[in-house]
Amino acid sequence: MQVSIETTSGLGRKMTVGVPAERIDGEVAERLEKASKSIKLDGFRKGKVPLSVVKQRFGRGIRDEVIGDVVRSCFVEAVTQEKITPASQPALEPTKDEPGEDFEFVATFEVLPEIELADFSKVKVVKPVAEVKDQDVEDMLEALRKQQAEWETVERSAEKGDEVTIDYVGVRDGEEFEGGSAEDFPLELGSGKAVPGFEEGVEGMAIGDEKVVPVVFPDNYHAEEMRGANVEFTIKLKEVKEAKLPELNDEFFASYGLQEGGEEVFRSIIRQNMERDLKNALESKTKSRVMEQLFELHSDIEAPLAQVSNEVQTLKNQMAQKLGNNNEGANKFDPSMLPDDMFMDQAKRRAVVGLIVNEIVQSNEMDVDGANVRARIEELASTYEKSEEVVNYYYNSPELLKGIEANVLQEQVVQLVLASADVTEEEVDYSQAVTPDPEQVAAEG
């Protein structure tokens, strides 16, 4: 077998493989002989069909089968012989295919880049540290009560925490702008959902009042054309509603699945859930920061286009799922409607990080820790009534188990990097800890 390779781009390769004629023709002859002994054709007894007839009727098909098998096996032999690692499935194309002559095919594919890992002591990570305090539990209780609040119309000025109904018209440089006006718009004051300064401007207004509120759009506003814009909103207050929170009683606890135990048990369950969420959030935030540092130290790595394309598709699917859920699941948003360019930078980043993690795993001969996998699954299962059934379900579902193992292995990589990194701990409160970093939001799609 003769092999020659040429570079077509940074990671692109074109490999030409020559296969001796006897390897193809010998296998074809053997399969034709075997077929002649088992095939049934009208006018012939089984096993008595002349070889010449079998060859005439089935020769081309059998040869195509042989070529397919030989091409696949020869490609594996060739990349092993040349010590190269394809990053994707190759495109295979026969270039010489004549009986009695040497066979030749061309394989085009990308290879994985060579990665030289940086010194992990150059990694600088601020590791967040937090705990669940009594006030955090109180705040969560209030948030849960607010979820079941009944809104009642009140005849007073608007205050933080109220839900108001307003009309507003936004003007920029003396002209109204698209998306800057609405009627009968519901807004919870203090929710932070409006542009900074907007909600504060409504506070103190009485029903029927009209007021001009100047605001400056933030530099990171989602609509690029409005970033940093000075706008004046004319706001008219039409209704004020006050939240009437439910009492902490058995009926309230039952609405969250607690049938007995009362407030003490309910608070205990809330704290347990918050502590679990905090642990996961801190781990996720630290992991995100480590991965960001690894990317910065290896940003010159070129990711294979096939891997970038896979990441783009993953991100598009995630976005489509979110868009579908935002529409109450009524539609299955088509990911193909989203442009690839929208996700390209993020996809390249994710692909490079994936290559770095893989190289760390390979170079350190790391295996996934089975005990950690079990602990992670049991932690997930603990939120269900029949936890053991959930554990068994994970272990009997290869795809789910593979996902858990991948996450655990990533965590092992993080711990390995942190062991050499320059780590600074930063104490933060609960709300800060469970709020993802901006870069973390982007990385998670």
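The values are calculated or read from the model by the stated rules, or taken from the named source; none is laboratory data. Remember, predicted model here, so these are calculated numbers, not experimental data. When we count neighbours, we look across all protein chains shown, and the Cβ atoms used for this are built from the backbone with ideal geometry, even at glycine. Only protein heavy atoms, including side chains, enter the accessible area calculation; ligands, DNA and RNA are left aside. Shrake-Rupley method; radii C 1.70, N 1.55, O 1.52, S 1.80 Å.
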note = Here the residues within the stretch 184-201 that are open to solvent by less than 40 Å² (accessible area, probe 1.4 Å) and in a helix (DSSP H, G or I) are Phe198, Glu199, Gly201
message = Taking the condition of being under 14 Å from Met366 (Cβ atoms) and either open to solvent by 60 Å² or more (accessible area, probe 1.4 Å) or touching a His at 6+ places or on another chain (Cβ under 6 Å) (or both), how many residues in the stretch 415-429 meet it?
response = 2
task = Can you confirm whether the stretch 140-151 contains a residue that is assigned to a strand (DSSP E or B), in contact with an Asp or Glu (Cβ under 8 Å, 6 or more places away or on another chain) and at pLDDT below 95?
result = yes
request  = Would you mind stating whether Glu82 is modelled with pLDDT under 95, open to solvent by 60 Å² or more (accessible area, probe 1.4 Å), acidic (Asp, Glu) and closer than 27 Å to Ser288 by Cα?
outcome  = no
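Residues checked against (1) in a strand (DSSP E or B); (2) in contact with a Phe, Trp or Tyr (Cβ under 7 Å, 6 or more places away or on another chain); (3) open to solvent by 30 Å² or more (accessible area, probe 1.4 Å); (4) more than 26 Å from Ala158 (Cα to Cα):
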{"residue": "Met205", "(1), (2), (3), (4)": "no, no, no, no"}
{"residue": "Lys211", "(1), (2), (3), (4)": "yes, no, yes, no"}
{"residue": "Pro218", "(1), (2), (3), (4)": "no, no, yes, no"}
{"residue": "His222", "(1), (2), (3), (4)": "no, no, yes, yes"}
{"residue": "Ile235", "(1), (2), (3), (4)": "yes, yes, no, no"}
{"residue": "Val240", "(1), (2), (3), (4)": "yes, no, no, no"}
{"residue": "Glu247", "(1), (2), (3), (4)": "no, no, yes, no"}
{"residue": "Phe253", "(1), (2), (3), (4)": "no, yes, no, yes"}
query = For the stretch 111-143, which residues satisfy the criterion of being touching a residue at least 24 places away in the same chain (Cβ under 8 Å) and among the polar types (S, T, N, Q)?
reply = Ser121
task = Please name all residue pairs, on different chains or six or more residues apart, with Cβ atoms under 7 Å, provided the first residue is in the stretch 244-262 and is of a type outside the set (A, V, I, L, M) and the second residue is in a strand (DSSP E or B).
result = Lys244/Glu150; Lys244/Glu152
remark   = Matching residues in the stretch 299-313 (over 14 Å from Gly12 (Cβ atoms) and not in a helix (DSSP H, G or I)) number 3
ask   = Glu114 fails exactly one of the following numbered conditions: (1) open to solvent by less than 80 Å² (accessible area, probe 1.4 Å); (2) assigned to a loop (DSSP other than H, G, I, E, B); (3) over 30 Å from Arg267 (Cβ atoms). What is the number of that condition?
value = (1)
ask   = Among all residue pairs at least 6 apart or on different chains, which show Cβ distances below 6 Å where the first residue, located in the stretch 179-205, is under 12 Å from Lys160 (Cβ atoms) and without any contact (Cβ under 8 Å) to a residue 40 or more places away in the chain and the second is among the small types (Gly, Ala, Ser) and part of a loop (DSSP other than H, G, I, E, B)?
value = Gly190/Gly161
message = When the residues of the stretch 14-30 are narrowed to those that are buried (at least 18 other Cβ atoms within 10 Å of the Cβ) and not in a strand (DSSP E or B), which ends up farthest from the chain's Cα centre (by Cα)?
response = Val28
task = Quickly run through the stretch 169-183 and pick out the residues that are open to solvent by 30 Å² or more (accessible area, probe 1.4 Å) and either aliphatic (A, V, I, L, M) or in a strand (DSSP E or B) (or both).
result = Val169, Val171, Arg172, Glu175, Glu176, Phe177, Glu178, Gly179, Ser181, Glu183
query = Out of Val390, Val353, which single residue is free of Cβ contacts under 8 Å to residues at least 60 places away in the same chain, surrounded by 15 or more Cβ atoms within 10 Å (Cβ to Cβ) and either part of a loop (DSSP other than H, G, I, E, B) or aliphatic (A, V, I, L, M) (or both)?
reply = Val390
query = Of all residues in the stretch 34-77 being of a type in the set (Val, Ile, Thr), farther than 19 Å from Glu22 by Cβ and surrounded by 12 or more Cβ atoms within 10 Å (Cβ to Cβ), which is modelled with the highest pLDDT?
reply = Val53
message = Can you find, within the stretch 365-387, the residue that is least open to solvent (accessible area, probe 1.4 Å) among those that are over 15 Å from Glu283 (Cα atoms) and among the charged types (D, E, K, R)?
response = Asp369
remark   = Note on the stretch 284-305: residues buried (at least 20 other Cβ atoms within 10 Å of the Cβ), over 18 Å from the mean Cα position of the chain (by Cα) and of a type in the set (A, V, I, L, M) are Leu294
key: Cross-chain or 6+ apart pairs with Cβ under 8 Å, the stretch 274-299 first and closer than 21 Å to Ile115 by Cβ, then open to solvent by 50 Å² or more (accessible area, probe 1.4 Å) and of a type in the set (Lys, Arg)   = Arg289/Lys127; Gln293/Lys124; Phe295/Arg349; Leu297/Lys122
